Amino acid sequence: MKAMICRAHGEPESLEYGDLPTPATGPDEVRIAVRAAGVNFPDILVVQGKYQFKTPFPFAPGMECAGEIVETGANVTHLRPGDRVAAHPWNGCFAEQVVAPAATAFKLPDGIDLATAAACPVTYGTVYHALVDRGELRADDTLLVLGAAGGVGLNAVEIGKLLGARVIAAAGSADKLALCREYGADETVDYGTGPLRDQVKALTGGRGADVIFDAVGGDMTDAAMRCINWQGRLLIIGFAGGRIARVPANLALLKGVALVGVAYQSFANRDPAASRTNMATLLDWLAAGRLRPHISMRFPLPQAPDAMRAIAERRSTGKVVLLVDEPTVS
Ligand SMILES: NC(=O)c1ccc[n+]([C@@H]2O[C@H](COP(=O)([O-])OP(=O)(O)OC[C@H]3O[C@@H](n4cnc5c(N)ncnc54)[C@H](OP(=O)(O)O)[C@@H]3O)[C@@H](O)[C@H]2O)c1
């Protein structure tokens, strides 16, 4: 089968479009004909060798996809060949076929197209786990989202509003902030127009945000710790800015702040039943039109490096999706 192949760690451009053996399906697995694959910032880290989990070479990256089931393992009862699914097997999705643990594949409601579905599992799953399980976001909370126009960020704006919170979206340009408003942000903060701390304090009567969703890290985390409310929760999602934040323990002490790590892949692997319950809620919301995945760019599979480069250079908003043609060779 055709796939984007990683033969050694490097930049996205080092990926090769070529042939990998079609994977066999184990008893607890399903084989999916991939029609679309979502691209996530961590895919870049995987290819660079900077991600927490390493995969033996050669492999196809790609954490999430949507497509049709072509084969099910002997122990799989909830899916059948022909079912349309979204899945987050964490690897292998930048290919014509992927074998996924059945627990990571979800039958899609009617009416959801496969490109849209491919954009959902990793970021919505991460955000739901972050805001509901880890952050315990309440309707009377003010939620500050950093990197709010990105993949996880825009989903955090959307789900934060669904949960009833007041949402402040922070991003790096007026266009990105306009998008955040379309997705429900009550207030917006442009990093370029003044210190984050002052802008957030001004919007919160000097108290600061109760919950901060931080997918950026570095200087942004430093600033966030200076505009978090008494007994706030700092949700540590990622370090898209490139520097792992070092949070001053004195600020956590003085404000009674909880530093809350969010590791969606580990959560889903350790507690697949809880992860599936979360995903069922998300798919219900999707089917009801309460979630509106925003896809800013689509590329054919062989252009995966361009898709990853757009994310790395902050040119995308929401999600980027790869489209996979029907295989031409059987
Ligand atoms: N903990 C988990 O389970 C989990 C799951 C998924 C993703 N993540 C992490 O969450 C972070 C965001 O992932 P994503 O897929 O949402 O990425 P994304 O779509 O690229 O969004 C990242 C946002 O961060 C901002 N940013 C600031 N400095 C940046 C820089 N130097 N390079 C790129 N973006 C920068 C950008 O917004 P502005 O241009 O507006 O600043 C961008 O919109 C990554 O660190 C990823 O590893 C964690």
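Neighbour counts of C-beta atoms inside 10 Å place Arg31, Arg270 in the sequence Arg270, Arg31, starting with the fewest.
Each listed q (0.13 Å⁻¹) maps to a log10 I(q)/I(0) for the chain, found by the Debye formula over equal Cα scatterers with no solvent: -0.92.
For the chain, the antiparallel share of DSSP beta bridges with both residues in that region comes to about 55%. When His78, His129 are arranged by Cβ crowding within 10 Å, least crowded first, meaning fewest neighbours, the order is His78, His129. Each of the peptides 271-281, 242-252, 214-224 was scored by the mean count of other Cβ atoms within 10 Å over its residues; in descending order, highest first, they stand as 214-224, 271-281, 242-252. For the stretch 123-265, the alpha-carbon radius of gyration amounts to 0.91 times the rule-of-thumb value 2.2 N^0.38 Å expected for a compact globular protein. Normalised size of the stretch 1-149, defined as Cα radius of gyration per 2.2 N^0.38 Å with N residues, equals 1.12. Over the stretch 173-330, the hull volume per residue, using the convex hull of the C-alpha atoms, is 172 Å³. Simple spin-label estimate for Thr277 and Leu253 gives 3.8 nm between the two label positions (7 Å along the Cα-to-Cβ direction from each Cα). When cysteine pairs in the chain are screened for C-beta atoms closer than 4.7 angstrom, the residues that find no partner are Cys6, Cys120, Cys180, Cys227. Going from the residue with the fewest nearby Cβ atoms within 10 Å to the one with the most, Thr22, Thr72, Thr123 rank Thr22, Thr72, Thr123.
Each value in this text was obtained by applying a stated rule to the coordinates, not by laboratory testing. Keep in mind that what you see is a predicted model, and the values were worked out from it rather than measured. As a convention, Cβ positions derive from the backbone with ideal geometry for all residues, glycine included, and neighbour counts pool all protein chains shown.
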